[in-house]
Structure formats: C-alpha cells, structure tokens
Amino acid sequence: MADSIKIETIKTIATLVITAFAFVAGLAWNEAIQAVIKQFLTAESAVIGLVIYAVIVTIIVVVVTVLLGRTLGKLGIDMEDVK
C-alpha cells in the first residue's frame, strides 16, 4: 500500500513538472510566433495578425496532438490513459 502511494506521488509530481515545462515552452513559442507576425505585418493590420496567429497556433496544436496520438498508439498507450 505504501509503495503504491509512493509510485502515484512520483507519477503525479512527474506529470506536474512536465506540464509546467510544457507551459513554459508554450509561452516561449507564443512570444516567438507573435514576433514573427509583427515582423511581417504593420500596426494597422492588428486584427489580421491575431487571426493569422490563432490559425498558426491551432495548426501547431493539431499536428502535435496527432503525432503524439500516433506515437502513443504505437507504444500501445491509450490517449484516455494519459493524464
């Protein structure tokens, strides 16, 4: 019983650490993509820039999600098992 609690605690901490790093990486990409868009668009086209940004982020999220799903599937891990 104590071993299973230790294992669950370690899994939870690992999940939290990975999630925190993923969040920081997401913020870094957020800044990078915004800077690239600002480089190519003028201040007058702010709405277009926001739409382009949203589309780019959506495409990245979809591609990463599909790739992760395929990878986990090849490893025999169901996406619903991933916390």
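Would you mind checking the tilt of helix 2-40 against the longest principal axis of the Cα atoms of the chain, expressed as 0 to 90 degrees and rounded to 10? That helix lies at roughly 10 degrees to the long axis. Please compute the per residue accessible area over the chain with all protein chains in place, 1.4 Å probe, rounded to a whole number of Å². Value returned for the chain: 86 Å² of accessible area per residue.
Taking only protein heavy atoms and a 1.4 Å probe, the accessible area of the chain is 75% carbon and sulfur.
In this simple spin-label approximation, VAL36 and ALA2 carry label points 7 Å from Cα along the Cα→Cβ vector, and these lie 5.2 nm apart.
Over the chain, dividing the summed -39,500 (n - 2.57) contributions of all DSSP H runs of at least 4 residues by the number of residues returns a 222 nm mean residue ellipticity of -30000 deg cm²/dmol.
Across the chain, how many lysine pairs separated by 8 or more positions, or lying on different chains, have Cα atoms within less than 24 Å? Close lysine pairs found across the chain: 4. Once the C-beta distance of THR9 and ILE77 is scaled by a Förster radius of 30 Å, the resulting FRET efficiency is 0.90 to the nearest 0.05.
Taking 35 Å as R0, compute the FRET efficiency from the Cβ-Cβ separation of ALA22 and VAL51 and round it to 0.05.
Once the sixth-power term is evaluated, E becomes 0.90.
The values are calculated or read from the model by the stated rules, or taken from the named source; none is laboratory data. Owing to the predicted nature of the structure, the values given are computational and were not obtained by experimental measurement. Because the Cβ atoms are built from the backbone with ideal geometry, glycine has one as well, and the counts that use them run over all protein chains shown. Just the protein is used for accessible areas: all its heavy atoms, side chains included, with ligands, DNA and RNA removed. Shrake-Rupley method; radii C 1.70, N 1.55, O 1.52, S 1.80 Å.
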